[in-house]
Amino acid sequence: MKRLIARGTGLTLLVAVVAFAGSAAAAPFSYDPPGQLIAGSGKGRADLFVYAPGMRFPIEAAPAFANSQVYKAGGGQGPGGSQCSTSNFSYPWQDNYCETRSWDMPLCPSGTGHQGQDIRAATCDKDVHWAVATTDGKITNVGSYSVYLTDSGGTRYDYLHMGSVQVTVGQTVTKGKRLGRVSNVFGGTPTTVHLHFNLRQNVSGVGNVYVPPYMSLIKAYEGLVGPVNKAPVGLLDPVDCASGVRGFVRDPDALAQSIEARLVFDGADPKAYDGDRLADLMRDELCEPLGYCNLGFEVPVPASLLDGAPHELRAFGLDTGGGPPAEVEDSPRSFTCGLPALDGVRRLVGLPDGFSAWSFSAFWDQVSVGDAALAALPNGEALPSKPALVRSDTGSADVWLIDGPWRRKLPSEAALRAWHFDPSTVVEWAQSDLDALAIGTPVRPRPLLVKASGPEIYLVDDLQTGGTGAGGGGGAGGATATGAATTSGTPSDGAGAAGAGGADSGGGARATSTSAGGSSDAPGSSESAEGCGCRLEPSPASRGWRIVAAAAAAAWLVRRRKR
Amino acid sequence: MRSMARCFIPLLVAAAGCASSGDAPAPGDVTPSPAPAALARSTLATVSWPAPERVDRQALGRLRPDARAALALAPVPVLVPSAEALLGSVVIVTDEHWASAWAQADGVTVTVSGTRLAHRVPSIAPIAGKDPVRAARGFVTENEGIWSATWPENGVVYTLDVECADPAEARCADRAWLLGLASELVYVGGAATKEAP
């Protein structure tokens with residue numbers, strides 16, 4: 001918490017990056033958040049509401065500097081120095097609405113405070129810089145040191161301490177009309193050279209009160225010097241080896257829009273990344289406070305980093321305004337994740353076409369293992385040359401991966417993304433066609449490829465029981481495999497002992513025990529399933545039928561894709 | 001972590017929140033509004049026009065002709081100071097939803113305005129006025145030596161400002177002169193009583 005405070009203070013989230021063309025004051029415009037007063041100068045009002053949208057900035061030319069007259073150099077409570085100190089004529093702007101005063105102010109947190117915003121012109125010379133009409137309207141007051149401009153909606157714009165006043169009461173003015181010069185007029189005792197600017201508005205349920213002018217002035221100033229591009233913000237959650245990397249990003253310039261997040265592993269350079277991703281996942285906790293929910297990102301920990309060594313992750317939001325990527329709060333994060341237990345079977349991935357067709361990534365999906373560990377994994381059937389995704393024509397949202405004679409359910413949207421599947425490639429099948437395929441284990445939440453010293457790359461997957469061969473119950477259930485399945489096939493031959501199993505296979509979620517190749521009594525009856533919840537489907541009884549079914553499935557796929 | 005996240009979200013919203021020092025606002029001081037400018041709405045009050053016989057004929061008669069003429073365009077009942085010296089300098093300015101009377105004399109500038117248009121600000125809950133002003137409760141404050149009051153009357157909202165040429169002079173030393181002036185404001189007409197003059 002303390003760290004957040006400290007870091008947050010330094011954030012100055014609303015950083016403007018605008019240079020003044022042709023101006024000596026080439027520093028980029030920036031401003032402290034509304035409500036953040038100079039320390040010790042009172043309690044501000046953090047109010048982003050723009051009470052006077054569309055108003056022009058009240059000083060004719062930039063630069064201008066909104067800050068305190070009392071708590072800055074030359075002020076009665078300031079650090080000493082002159083009102084002309086260069087520190088008074090620099091960014092960032094500082095809000096001083098509600099700055100400590102004894103004056104009653106119903107909208108200030110303390111109930112008292114400063115009514116408006118003090119603004120210095122480009123220099124501290126008096127009677128040089130023009131103050132101008134912020135809007136079309138009528139002059140309703142010219143006092144000894146005040147001018148009021150009132151617009152058609154009744155909002156009043158107060159200009160105090162001007163000299164060389166150019167308008168009279170009742171005069172109609174247009175936006176930009178010169179009203180007077182920024183000065184220090186204040187009865188018999190001059191004040192510092194500045195424009196005190198108020199907004200007064202009849203607020204429903206309150207009355208005609210002084211409302212915060214700061215955000216309206218910022219918007220108006222942006223209109224004068226060009227739009228201010230604000231850097232994205234966000235948050236990086238702690239890295240969890242099991243559930244992965246989560247966080248959210250948001251661009252203050254695009255409040256109701258998902259933006260892209262960039263994740264950089266083990267590198268300080270935000271260019272050294274492995275692809276950007278649209279952060280559009282629902283984060284419930286953001287809906288109310290931010291007014292938009294789809295700002296989240298979530299990815300698994302890259303498999304190549306599951307090595308027991310410490311790694312660092314940095315997260316950035318990509319600026320819709322073209323600014324540099326902005327690192328989010330709590331980034332970087334460090335993490336150390338070990339290699340998960342390799343359970344199941346290994347399925348040969350065709351190289352290079354299969355690897356490419358499945359959109360596998362050596363960084364995200366692949367771990368290096370020793371030859372012995374690889375050899376300990378029983379061989380399964382080779383992975384299909386490319387993924388085929390289908391859903392039922394019944395309107396069900398379930399997405400199935402066609403894996404030989406099996407249909408395997410994608411367990412979640414996160415899994416769809418983790419597998420790099422493109423949702424637009426999902427084709428619709430008649431439910432009866434889907435029913436013709438046996439239900440295999442659900443697709444694992446993420447792909448895990450293994451590579452030892454040889455060139456081969458394998459996918460570690462569940463054994464699909466009740467496969468090729470006749471008869472036998474197959475498919476033990478269970479969400480987590482606990483032991484290496486052994487098959488009759490040798491680990492190195494890739495012959496796919498997964499063909500074992502029988503027609504009456506159980507639809508296990510994941511094999512939990514050995515399945516003797518070709519044995520019709522392979523484990524996997526429904527009773528043995530651990531938390532499967534899958535529907536048991538009769539399986540085609542013969543290899544020939546399965547081939548026909550697979551061909552039919554492929555034909556369907558082709559036909560649907562052509563539509 | 002949860003508390004940090006709670007702290008951070010207001011930070012994004014209000015661009016202050018956790019970033020604040022002890023003197024800066026805490027999250028929750030203001031209800032964030034996701035799209036502030038877009039949420040602004042205006043409401044138009046129904047004016048309760050005083051009976052024509054309540055027009056102060058004496059004050060009306062002392063207004064300059066241009067001010068009397070301007071009354072016919074005032075969408076709200078116009079109140080003016082009753083002091084002799086001020087009445088002669090009154091300038092009436094009107095617009096579609098508001099009217100304002102300005103006067104200046106003896107080192108003091110007075111502005112009285114009334115508006116029937118109110119702005120609804122989602123983040124601002126109703127706040128009851130705490131200061132008695134005329135027959136209502138409103139707010140009284142001082143702004144750089146300018147004393148000001150706002151209060152409801154005739155179904156609309158009025159504002160009275162008093163500015164002394166020398167902010168240190170007695171009339172601007174406290175709220176007493178302002179409130180006295182407020183109590184002496186008189187009704188001189190408006191669009192609904194334009195036949196009055």
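A few comments on the model shown:
- In plain terms, the residue of A:Cys293, A:Cys108 with the fewest other Cβ atoms within 10 Å comes first and the most crowded comes last, giving A:Cys293, A:Cys108.
- Estimated FRET transfer efficiency (A:Thr123, A:Ser334; beta-carbon r; R0 41 Å; 0.05): 0.25
- With the simple spin-label model, which puts each label point 7 Å out from Cα in the Cβ direction, the A:Thr320 to A:Ala362 separation comes to 3.7 nm.
- Of the chymotrypsin sites (Phe, Trp or Tyr not before Pro) found in segment B:125-181, no site is in coil according to DSSP while having at most 12 other Cβ atoms within 10 Å of its Cβ.
- Between segment A:89-115 and segment A:380-457, the alpha-carbon centres lie 61 Å apart.
- Relative to one another, the C-alpha centroids of segment A:201-252 and segment A:130-199 are positioned 30 Å apart.
- If R0 equals 25 Å, the separation of the Cβ atoms of A:Glu413 and B:Arg41 corresponds to a calculated FRET efficiency of about 0.05.
- Proximal aspartates and glutamates to A:Lys219, defined as alpha-carbon separation beneath 13 angstrom and excluding residues fewer than eight positions away on the same chain: A:Asp253
- Annotation: the residues A:Tyr51, A:Tyr97, sorted from fewest to most other C-beta atoms within 10 Å of their own C-beta, follow the order A:Tyr51, A:Tyr97.
- In nm, spacing of pseudo-spin labels at A:Gln257 and B:Glu84 (7 Å Cα→C-beta vector): 6.7 nm
- In a simple Cβ point-charge model (Lys, Arg +1; Asp, Glu -1; nothing else charged), segment B:34-183 has a dipole of about 620 debye relative to its Cα centre.
- Exposure proxy ranking, count of Cβ atoms within 10 Å, fewest first, for A:Thr425, A:Thr135: A:Thr425, A:Thr135
Quick note: the coordinates plus some simple rules give every number you see, no bench work behind them. Note that the structure is a prediction, hence the values are computed from the model and not measured. A quick note on method: Cβ atoms are made from the backbone with ideal geometry, for glycine too, and the neighbour counts reach across all protein chains shown.
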